Amino acid sequence: MGVEASATDIGALIDRAEQLGLKVSSLENASLRAGAEILLNEAKENLQKPTMHHLGAKEFEKNSVVTKKLLESIEIGNPKKDKFRGGKYIKVFTSYPTAHLVEFGHAGPAPAPPHPFMRTAYQNKKEEVKRTIIEVLRAGIKL
C-alpha cells in the first residue's frame with residue numbers, strides 16, 4: 001500500500017540538466033525524495049488525527065494508532081525507473097500488514113470506519129510535492 005510521486009511531468013528540467021552535463025540521476029533522486037518527505041509527514045499527521053466513529057456521532061476516544069506500529073511503519077522507498085511511462089518514481093508506503101483495513105475500513109467482525117491517511121496525504125499535498133520536485137531540480141541545475 002503506498003502513494004507514488006513521479007518526476008515524469010518535469011521532463012524539460014531533466015533534459016536541461018542533461019544538456020548541462022549534470023548528474024541527472026542524483027538530481028532526480030534528490031527531488032523525488034524531497035517530494036516524498038512531504039507525503040510521509042502528511043500521512044503520519046493524518047494517521048494521528050481523530051476520525052468519526054462508525055456510528056457517525058462520536059469521535060474515537062483513543063488515538064487511532066495506540067501502539068504506534070502503523071505510524072512507525074510508514075517509510076520512503078528507493079527511486080526506481082518506470083519501465084512503461086519513462087522517468088522515475090518513488091513510493092511512500094507502509095509495511096504494516098493490516099494498513100489497508102485502517103485506510104479503507106472493514107465490515108467485521110467488529111466493524112471499523114475508514115481512517116484514510118495515505119490517500120488524503122496525496123490529495124492534499126500533490127501540488128506542493130510537484131512544486132518541491134521542480135524547485136529541487138531547478139536548484140540543482142543552477143549549481
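The values are calculated or read from the model by the stated rules, or taken from the named source; none is laboratory data. All of these numbers come straight from a predicted model, not from anything done at the bench. Neighbour counts are summed over all protein chains in view; Cβ atoms, including those assigned to glycine, are modelled from backbone coordinates with ideal geometry.
Within the stretch 78-99, the set of residues being modelled with pLDDT of 80 or more and either among the acidic types (Asp, Glu) or exposed (fewer than 14 other Cβ atoms within 10 Å of the Cβ) (or both) comprises Asn78, Lys80, Lys81, Asp82, Lys83, Phe84, Arg85, Ser95, Pro97, Thr98. One residue stands out in the stretch 15-29 among those that are modelled with pLDDT of 70 or more and surrounded by 16 or more Cβ atoms within 10 Å (Cβ to Cβ): the one that is nearest to His115 (Cα to Cα), namely Asn29.
The single condition among (1) over 13 Å from the mean Cα position of the chain (by Cα); (2) under 25 Å from Leu27 (Cα atoms); (3) surrounded by 13 or more Cβ atoms within 10 Å (Cβ to Cβ) that Pro113 does not satisfy is (2). Thr132: in contact (Cβ under 8 Å) with a residue 60 or more places away in the chain, hydroxyl-bearing (Ser, Thr, Tyr), touching a Gly at 6+ places or on another chain (Cβ under 7 Å) and not in a strand (DSSP E or B), yes or no? Criteria met by Thr132.
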